[in-house]
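**Q** Quick one: this structure, given as structure tokens, is what I'll be asking you about.
Derivation of every value follows stated rules applied to the coordinates shown; laboratory data play no part. Predicted model, so just to flag it, every value in this text is computed and none were measured. Cβ atoms come from the backbone with ideal geometry, glycine included; neighbour counts cover every protein chain shown.
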Amino acid sequence: MVDAPRPEDFSNRAVARAVFSEAILHPTTLFPAAGALLSGLYMGLVSFDPTSLAVGVGSGLLSLGSWIYHYFVRGEKIAENYIKELKEKRKDYKKQQVEDIEEKCKTAGFTEGQQAARELLEAYTRLYQFLKEKSKKVKSQTAQRFMILAEETYDQGVQFLTKALVLYRALVQIDEEKLIKELRAWQKEVKNREKYRNKEEQKDLVIKVLEEKISSHRKRLELFSERGETLKQLMDQCEVLEATLDSTYLEVVDLIHDDPFFTGSRHDNAASNLERAVSAARKAEDRLRNLGKQQDIDDSIYTKPIE
């Protein structure tokens, strides 16, 4: 998978470093510098003569001039290309990331997750490509804002899908029907033993063991139900984000005749829809995360093998 560009790769320091590196490693800088170095070695080891000196000085000046040209004159263009390349890498990473999730869902038998991953990518790609093409024709801060909001919406959907896949893999390992069947059988056995036990007798060891098993199974079933509900909420949130990307695409396509690009209240509504979707998704994620922290049930019982 393509490595995702880090936030620090877009910093001013990183951009300046990229420009400096491009300028100093450019062939018109590097080759004359090598010539100057070889000329210097020749003069130091073989013969110091005017021709070698002229070649050395000329090559050195040519190399220095090339570096100055590329760093100070072409620097802005080099920086622009560097940022563009990073964005392309990030785009490729996002695409491969969700395709990887889709493939993992397919392998796990998580059909709903597989379909959601495919539809999320399709919705994001439609909107992002349209905005990208439009921004090429009309330089607009608004278009850039839409692209950023689209990315945030997409990223949030990917996070939900990733968590949903983890939950699904855990849930399919639990045989809920078997747990319920065993629980009912043990409850019935305890009831029968209690029925024929003398009231003055102490509870026998078998009943104590059965009650411990019953308690363990109840907790596992409760946790299974809670995790199942969490999985449903994750998928619901992902569907909302995918639908928002699609509806936003339809809204902005309808605005293509506007000049300048995306103006007026309809533009504001389209942007607000994306912003609200991202905000609601983040709140939902925090709510689900806090829910998991507040549970009194130890997750270790969830991963125990079925007896």
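**Q** Using 7 Å Cα-to-Cβ label points, what is the residue 73/residue 9 separation (nm, one decimal)?
**A** Each label point lies 7 Å from its Cα, and together they span 3.0 nm.
**Q** Right, something else. For the pair residue 172 and residue 215, what calculated FRET efficiency results from E = 1/(1 + (r/R0)^6), where r is the Cβ-Cβ distance and R0 = 30 Å, to the nearest 0.05?
**A** Numbers: r = 24 Å, r/R0 = 0.81.
Calculated transfer efficiency: 0.80.
**Q** Send over the semi-axes of region 1-89's equivalent ellipsoid, whole angstrom and largest first, taken as the square roots of 5 times the C-alpha gyration tensor eigenvalues.
**A** On the way: eigenvalues 261, 34, 15 Å².
Ellipsoid semi-axes (Å, largest first): 36, 13, 9.
**Q** What does the charge count near residue 239 come to, summing +1 for each Lys or Arg and -1 for each Asp or Glu among other residues with Cβ under 10 Å from its Cβ?
**A** On the way: positive: none; negative: 112, 119, 236, 242.
With Lys, Arg at +1 and Asp, Glu at -1, the net is -4.
**Q** Per 0.36 nm of contour for each residue apart, how much would the distance between residue 46 and residue 151 grow if the chain were fully extended, relative to their Cα-Cα spacing?
**A** 31.6 nm
**Q** Find how much the distance from residue 122 to residue 280 grows on full extension, using 0.36 nm per residue of separation minus their present alpha carbon separation; answer in nm with one decimal.
**A** Values: separation 158, 0.36 × 158 = 56.88 nm, distance 2.15 nm.
Value of the extension gain: 54.7 nm.
**Q** Which FRET efficiency, nearest 0.05, do residue 132 and residue 54 yield, Cβ-Cβ r, R0 41 Å?
**A** Values: r = 52 Å, r/R0 = 1.26.
That pair, residue 132 with residue 54, gives E of 0.20.
**Q** My understanding is that a pair violates if its Cα-Cα distance is over 21 Å; which of 104/232; 134/283; 178/213; 106/181; 89/136; 104/178 do that in this structure? Write out the running numbers ahead of the final one.
**A** Values: 104/232 18 Å; 134/283 32 Å; 178/213 13 Å; 106/181 30 Å; 89/136 19 Å; 104/178 27 Å.
Exceeds cut-off: 134/283; 106/181; 104/178.
**Q** Name the residue from 70, 30, 43 whose Cα lies farthest towards the positive end of the charge dipole of region 1-89, charges +1 on Cβ of Lys and Arg and -1 on Cβ of Asp and Glu.
**A** Result: 70.
**Q** Still on this structure, I have one more. Points 7 angstrom from Cα along the Cβ direction at residue 236 and residue 34: gap in nanometres?
**A** Reported label-point gap for residue 236 and residue 34 is 6.5 nm.
**Q** Kindly put 63, 215 in sequence by how many other C-beta atoms sit within 10 Å of each C-beta, fewest to most. List each step's numbers first, then the result.
**A** On the way: 63 22, 215 12.
Least to most surrounded, the residues fall as 215, 63.
**Q** Report the FRET efficiency, 1/(1 + (r/R0)^6), for residue 61 and residue 21, where r is their Cβ-Cβ distance and R0 is 25 Å, rounded to 0.05. Intermediate results must be reported in sequence, preceding the final value.
**A** On the way: r = 21 Å, r/R0 = 0.86.
Result of the calculation: an efficiency of 0.70.
**Q** Follow-up. Can you tell me how region 51-147 classifies by the Cα gyration tensor, rounded, prolate or oblate, using a/c under 1.5 as the rounded cut? Spell out each step's value before the answer.
**A** Working: a/c = 7.15, a/b = 2.31, b/c = 3.09.
Verdict is oblate for region 51-147.
**Q** Now for a separate question. Ranking 38, 223 by Cβ neighbours within 10 Å, fewest first, what do you get?
**A** Working: 38 14, 223 19.
Final ranking by Cβ density, sparse to dense: 38, 223.
**Q** Using 7 Å Cα-to-Cβ label points, what is the residue 207/residue 93 separation (nm, one decimal)?
**A** Those two pseudo-labels are separated by 6.3 nm.
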